[in-house]
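These notes are about the structure you will find just below.
The values are calculated or read from the model by the stated rules, or taken from the named source; none is laboratory data. These numbers were taken from a predicted model, which means no experiment stands behind them. Positions of Cβ are generated from backbone atoms using ideal geometry, with glycine treated the same way; all protein chains shown enter the neighbour counts.
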Amino acid sequence: MANNLDQDQIRFPKRRKSKDNPYTIGYDKNQKSYFLNFPNASGIVQQIYIGQELYETFNGFELEDLAQLNEQERHIDGTELTEEYLYQKLTVLPNEVEEAIDRKLCAETIQKAIKTLSPTQRRRLILYYFEGLTYEQIAKIEGCKYQSVQDAIKLAEEKIKKYFLK
């Protein structure tokens with residue numbers, strides 16, 4: 001979806017659901033954000049708010065489900081299922097959605113932890129872990145000693161560990 005669209009103008013198509021897809025996505029006008037409803041292990045429906053990128057991923061999954069339902073209804077007779085067709089359909093991993101949610105939540109938590117660091121620690125940690133630079137390269141860029149960079153990154157790691165232990 002384009003970012004410049006007014007969220008009140010967005011209409012969500014009514015889609016019939018596959019019995020194998022327990023997820024429901026949508027847009028909450030009051031919260032002005034996208035949401036995902038899903039049953040937990042106990043069968044209780046949970047709702048979490050998600051970003052637009054994750055919404056678009058789920059939307060793609062729903063469209064694929066709908067396409068598969070249409071294909072099954074219109075083009076495949078149950079007696080014509082071959083091993084090759086079944087293999088193609090069964091090789092899709094069922095946990096892709098859960099893994100996407102886990103990655104998103106983990107990334108958000110890490111970002112919150114990094115925001116608690118001082119600007120110097122944050123900058124050096126990002127250069128080291130996300131940009132793949134060495135202590136020496138970071139020291140050269142910042143015009144400081146190797147040991148200063150190493151100490152800042154080690155201290156940042158300890159602060160992040162404490163953040164996660166809270």
Subset of region 85-142, residues surrounded by 11 or more Cβ atoms within 10 Å (Cβ to Cβ), assigned to a loop (DSSP other than H, G, I, E, B) and among the hydroxyl-bearing types (S, T, Y), comes to T116, S118, T134
D151 versus (1) part of a helix (DSSP H, G or I); (2) within 21 Å of E108 (Cα to Cα); (3) not β-branched (V, I, T): which is the lone unmet condition?
(2)
If I filter region 27-75 down to residues being assigned to a helix (DSSP H, G or I) and among the hydroxyl-bearing types (S, T, Y), which single residue comes out as nearest to L86 (Cα to Cα)?
T57
Any chance D151 is loosely packed, with under 13 Cβ neighbours inside 10 Å and without any contact (Cβ under 8 Å) to a residue 24 or more places away in the chain
no
Under the condition of being within 25 Å of N40 (Cβ to Cβ) and either touching a Lys or Arg at 6+ places or on another chain (Cβ under 6 Å) or of a type in the set (D, E) (or both), which residue from region 67-100 is modelled with the lowest pLDDT?
E96
